[in-house]
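Structure first, then comments.
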């Protein structure tokens with residue numbers, strides 16, 4: 001089973017205070033870029049893999065989705081999601097490593113920053129492909145491999161004093177353990193090539209690949225984000241069955 | 001016009017001594033990975049954009065290609081290519097920024113480490129798409145943006161003494177000037193996302209994306225290449241019309 005770090009009290013306490021937890025989707029700097037990849041949700045059957053507090057599920061319902069199903073491994077997250085939820089949204093506890101999905105049943109599979117926790121992403125993506133209707137869409141974000149690869153992730157300075165990200169280990173895929181909100185958070189590093197070839201091999205057609213960092217406009221509004229343009233933080237992908 | 005660094009005598013002298021110049025395709029460490037992306041060339045109409053000394057053109061002819069056309073901007077390179085060439089291969093001088101290609105005329109467009117010199121890559125790729133027959137294939141290598149992005153490209157050490165590549169400027173696309181074989185070589189940095197979305201928008205279907213570094217087997221044979229696995233050096237792409 002995937003490490004369930006969200007039910008670690010220290011992690012959950014820290015996570016609950018992030019902008020994306022308090023303010024919802026608009027508190028996530030990458031949300032506008034993800035939203036631009038989404039289809040019109042009216043009448044769509046939507047599943048969210050790693051739904052957390054349910055912000056995206058509620059958004060999808062508000063946009064007119066016919067049905068919304070959110071899965072998460074964390075009891076803490078699901079309890080919070082259910083507390084504020086529309087009864088038309090269904091939340092279920094599941095480990096994405098082994099989650100079974102009904103065949104040819106969804107128009108959109110969405111996932112935000114969950115796939116990098118999975119060891120057997122290939123297995124999940126095969127089940128995602130099978131659960132989508134023909135023409136259905138997968139839209140997801142994942143931590144960018146540049147961000148995740150280094151043995152010692154953290155800013156240093158180049159000879160001009162400019163913030164620099166110390167990339168190494170990029171081609172050595174596998175577990176990366178970092179201390180973020182709690183000690184010993186385990187994520188799975190994969191190259192962009194590995195991820196995209198996995199999707200292609202499973203039968204997806206790639207529609208959009210975005211190495212996300214804040215836009216110049218966002219940096220103007222939040223000058224403290226400037227160094228986040230030095231290397232991408234997230235990878236956003238849209239693919240069609 | 002693109003900077004024609006290959007006709008700079010100092011650059012050409014240095015380039016002529018590289019393994020890939022002396023030994024041909026097998027002298028390029030990434031060749032086996034590129035070759036794996038190629039279709040069976042028998043009977044195919046092939047064009048090589050940035051053909052250099054003509055090693056790939058001769059390979060394609062030897063593999064049974066029906067016709068082979070090589071373009072390069074460098075008179076020096078073309079003179080060397082023509083000196084050893086099969087008369088069935090045609091070499092022409094061309095600036096890829098403005099090269100016109102006949103419509104629906106080729107089965108394979110190949111390019112090795114040339115596209116990163118182009119300012120208007122979008123324009124060239126539109127002409128490549130138009131020149132391919134339906135089902136035709138584009139296979140190319142390009143310097144990896146991780147390799148190209150930094151203001152100060154060059155190895156440093158992390159706290160454990162492990163080789164580290166100083167990524168910054170990744171999201172700021174545009175010219176990068178470095179001293180490699182000669183001073184002031186200008187290349188154009190683009191993110192992987194920008195490159196792939198350009199191909200998708202032009203109507204290509206992505207087939208394979210590989211962030212190339214030497215394999216563990218290659219490092220065993222050439223221990224001095226070990227640090228090249230810390231970050232990818234090249235990006236290899238196969239796309240179909």
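Taken together, the values in this text are just the output of simple stated rules run on the coordinates, not laboratory data. None of these values were measured; they are calculated from a predicted model. Please note: Cβ atoms are built from the backbone with ideal geometry, for glycine as well, and neighbour counts cover all protein chains shown.
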Note: probe point = Cα of residue B:103 + 7 Å toward Cβ; backbone nitrogen < 11 Å; residues of the range B:118-139 passing the test are B:130-131
Within 10 Å of the Cβ of an average residue in B:222-230, the count of other chain Cβ atoms is 2
homo-copy label distances at residue A:36 (7 angstrom along Cα-Cβ), nm, one dp, ascending, are 3.4
So, in nm and shortest first, the distances from residue A:86 to its counterparts in the other copies, with label points 7 Å along Cα→Cβ, work out as 6.4
Shortest first and in nm, the label-point separations between residue A:130 and its counterparts in the other identical copies (7 Å out along Cα→Cβ) come to 4.6
Share (percent) of C-alpha pair distances in chain B greater than 33 Å works out to 15 percent
The answer for the per residue Cα convex hull volume of the protein assembly as shown, in Å³, is 154 Å³
Rg from C-alpha atoms of the range B:136-226, normalised by the globular rule of thumb 2.2 N^0.38 Å, equals 1.30
Here the gain from full extension of residue B:178 to residue B:95, 0.36 nm per residue of separation minus their alpha-carbon distance, amounts to 27.8 nm
Quick shape check on the range B:1-137: root eigenvalues a ≥ b ≥ c of the Cα gyration tensor, a/c under 1.5 is rounded, otherwise prolate if a/b tops b/c, else oblate, and it reads oblate
DSSP beta bridges in chain A: the antiparallel percent, rounded to 5, is 55 percent
